[in-house]
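Structure, as structure tokens:
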Amino acid sequence: MRLINVDTIKEIIRESCSSLLFNYPSDIEEAMSLAAEKEEGRAKKAFELLLENSRIASQKHIPICQDTGMVIVFVHVGKEVLFEGNIDEAINDGVRIGYRQEYLRQSVVDDPLFKRENTKDNAPAIIYYDYIDGDRVIIEMMAKGFGSENTSKIAMLKPAQGVEGVKNFVLDTVKQAGPNACPPMIVGVGIGGSFELAPLLAKKALLRELTDVNPDPNYHQLEDELLALINQLNIGPLGLKGKTTALKVQIEYYPTHIAALPVAVNICCHVSRHTKVVI
Amino acid sequence: MRINVNTEQERFAKLHAGDLVYLSGEVYTARDAAHKRLSKMIENNETLPFELEKNGIYYVGPTPSRPGQIYGSAGPTTSTRMDVYTPTLLDRGIKFMIGKGRRDEKVKQAIIRNKAIYFIAAGGAGALYASCVKKVEAIAFADLLSEAINKLTIEDFPVFVGIDCQGNDIYEEEN
């Protein structure tokens with residue numbers, strides 16, 4: 001067995017709060033610069049503002065977006081690993097310290113319906129665990145903004161609706177999200193599984209690099225087709241119309257029941273802040 | 001085009017949906033929780049923490065400012081969530097709003113009725129807008145943290161006209 005002290009994980013989470021929230025990830029910055037060249041008029045101006053924002057954020061160390069998000073962490077635990085200490089607490093402490101040290105916004109309320117009281121430390125994080133082979137731990141973390149999260153959707157389609165049904169649902173969801181989701185967006189799609197798994201797959205799809213494609217050629221093709229269709233919707237950057245509504249469509253899938261075709265769409269704005277650390 | 005939002009409101013009427021404008025002047029911040037409280041106070045005929053007449057609201061919940069910094073990251077939040085409260089505020093004198101995203105038909109009608117205007121700021125551009133804020137004054141609801149009401153003095157704050165005084169909407173197909 002490999003013993004890992006949870007303080008190591010706390011430090012990774014704390015450090016990620018500081019490294020994630022002041023820059024666009026390099027793949028996003030590159031995609032935005034390329035997209036800007038294809039636009040004109042208002043859409044071009046929209047990209048200029050966003051790229052200027054990125055420069056100011058790094059230079060002056062100001063969070064790139066004021067919605068510094070709710071922290072979502074995926075912990076992939078090697079079967080030969082034993083944690084020393086309380087792992088949930090370590091992750092939440094990492095969030096508490098990181099958000100305080102970096103003057104990030106406290107955006108979490110406890111009791112989502114009645115009291116809605118701010119927890120004042122941006123904890124708790126949303127944490128998922130699963131097992132992997134070996135003695136490593138892989139931590140994937142995102143600081144998810146909720147302007148785009150609010151525009152996400154799930155549908156339990158009939159299997160007969162097939163590829164067209166999936167395409168229509170994704171396009172309708174993006175159309176309805178429109179300017180509210182802070183386009184250009186990244187569209188995570190989860191297909192298959194069950195009612196709760198499809199959105200989780202869609203969330204995991206958002207953790208991929210923009211250059212990643214689904215290894216299955218059918219799904220890869222569907223990613224490309226959906227991206228082309230979305231970019232014909234003329235929503236454009238910031239909803240000001242134009243050629244760039246989404247930067248990428250990422251699909252993840254899982255086996256499902258003979259009666260089912262669950263599809264979930266999880267939308268992320270262009271401020272897609274995520275990281276992966278292997279211990 | 002540069003406009004002072006307090007002293008040049010007569011120029012609002014000449015703006016069209018989609019125009020790029022650089023705003024300067026004073027504006028009050030308020031988002032979900034502050035709107036809820038304001039609306040409750042109006043219902044109870046209480047005195048509001050700031051004068052609505054001829055003033056404007058920026059839908060923002062900034063990050064806390066660092067020592068030595070005037071204001072934290074401060075991009076717009078989604079205006080749609082404020083729609084339910086907005087017509088009352090417009091009918092009571094609010095002249096302009098800054099946010100992002102769509103507004104509903106009732107807000108649009110209230111904009112036309114009151115010759116008000118809705119500006120949209122670049123969603124996600126928190127650092128850019130922080131650098132346009134020159135002064136901050138706390139007004140009310142400090143317990144709401146990032147959702148408190150502050151009075152901001154802004155300078156050359158880049159926005160697009162989202163819904164103009166005639167009700168033309170940038171997000172509609174024809175505009």
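Pick out which of B:Thr47, B:Thr78, B:Thr63 has the largest mean-square fluctuation in a Gaussian network model of chain B, springs linking Cα atoms closer than 10 Å.
B:Thr47
Quick one: 3J(HN,Hα) in Hz for region A:219-232, Karplus 6.51/-1.76/1.60 with θ = phi - 60°, rounded, Gly and Pro as x.
6, 4, 4, 5, 4, 5, 5, 5, 4, 4, 5, 4, 6, 8
Starting from the amide H of B:Lys135, placed 1.01 Å from N in the peptide plane, find each other amide H under 5 Å away whose residue is 5 or more places distant or on another chain.
Under 5 Å from the amide H of B:Lys135: B:Thr153.
Using only alpha carbon pairs under 8 Å that are at least six residues apart, calculate the relative contact order of chain B and give it in whole percent.
So the answer I get is 31 percent.
Please arrange A:Asp135, B:Asp164, A:Asp111, A:Asp172 by counting, for each residue, the other beta carbons lying within 10 Å of its beta carbon, fewest first.
Final ranking by Cβ density, sparse to dense: A:Asp111, A:Asp172, A:Asp135, B:Asp164.
Classify region A:147-279 as rounded, prolate or oblate, taking a ≥ b ≥ c as the square roots of the eigenvalues of its Cα gyration tensor: rounded when a/c is under 1.5, otherwise prolate if a/b is larger than b/c and oblate if not.
Oblate, because a/c is 1.5 or more while a/b does not exceed b/c.
Give the residue list of trypsin sites (Lys or Arg not before Pro) in region A:51-140 that are DSSP loop and have at most 12 other beta-carbon atoms within 10 angstrom.
A:Lys79, A:Lys115, A:Arg116
Quick query: amide H of A:Ile235 versus all other amide H atoms, modeled in the peptide plane; which residues come in under 5 Å with a sequence gap of 5 or more or a different chain?
Long-range HN contacts for A:Ile235: A:Gly242.
Sort out the exposed loop chymotrypsin sites (Phe, Trp or Tyr not before Pro) in chain A (DSSP loop, at most 13 other Cβ within 10 Å) and tell me the longest stretch that has none.
The answer is A:1-113.
Specify whether the C-alpha gyration tensor of chain B places it in the rounded, prolate or oblate class, a ≥ b ≥ c being the square roots of the eigenvalues: rounded for a/c under 1.5, otherwise prolate if a/b is larger than b/c and oblate if not.
oblate
If you average the sequence gap of Cα pairs under 8 Å that are 6 or more apart and divide by the length of region A:147-273, what percent do you get for the contact order?
Here the relative contact order equals 44 percent.
Find, among the GluC sites (Glu not before Pro) in region A:196-279, those assigned to loop by DSSP (not H, G, I, E, B) with at most 11 other beta-carbon atoms within 10 angstrom.
Answer in residue order: A:Glu196.
Once you measure Cβ to Cβ distances between cysteines in chain A, which Cys have no partner under 4.7 Å?
If one checks each Cβ against the other cysteines of chain A, A:Cys17, A:Cys65, A:Cys268 turn up with nothing under 4.7 Å.
Of B:Gly18, B:Thr78, B:Ala125, which is farthest on the positive side of the dipole of chain B, counting Cα position, with +1 on Lys and Arg Cβ, -1 on Asp and Glu Cβ, and the Cα centre as origin?
B:Ala125
Please label the shape of region A:55-196 as rounded, prolate or oblate, based on the square roots a ≥ b ≥ c of the eigenvalues of the alpha-carbon gyration tensor (a/c under 1.5 means rounded; beyond that, a/b larger than b/c means prolate, else oblate).
It is oblate, given that a/c is not under 1.5 and a/b is not larger than b/c.
May I ask you to evaluate 6.51 cos²θ - 1.76 cosθ + 1.60, the Karplus curve with θ = phi - 60°, for each residue of region A:26-41 and list the ³J(HN,Hα) values in order in whole Hz, giving x for glycine and proline?
My calculation for region A:26-41 gives 4, 5, 6, 4, 5, 4, 5, 4, 5, 5, 4, 5, 8, 9, 9, x Hz in order.
How would A:Glu102, B:Glu51, A:Glu15 line up from fewest to most surrounding beta-carbon atoms within 10 angstrom?
B:Glu51, A:Glu15, A:Glu102
What list of ³J(HN,Hα) couplings, whole Hz, do you get for region A:71-82 from phi and the Karplus terms 6.51, -1.76, 1.60, once you set θ to phi - 60° and write x for glycine and proline?
7, 10, 10, 10, 10, 9, 9, x, 5, 9, 9, 10
Just the projected area, averaged over all directions, of the convex hull on the alpha carbon atoms of chain A: how many nm²?
If I average the Cα hull's projected area over directions, I get 15.5 nm².
Check B:Asn6: other-chain or 5+ apart residues with amide H under 5 Å from its amide H, H built from backbone geometry?
B:Glu26
With each run of n ≥ 4 DSSP H residues scored as -39500 (n - 2.57), what mean residue ellipticity at 222 nm is computed for the protein assembly as shown after dividing by its residue count and rounding to the nearest 500 deg cm²/dmol?
About -9500 deg cm²/dmol.
Bear in mind that the values in this text are calculations on the coordinates, not laboratory data. Keep in mind that what you see is a predicted model, and the values were worked out from it rather than measured. Note: ideal-geometry Cβ built from the backbone for every residue, glycine included; neighbour counts use all protein chains shown.
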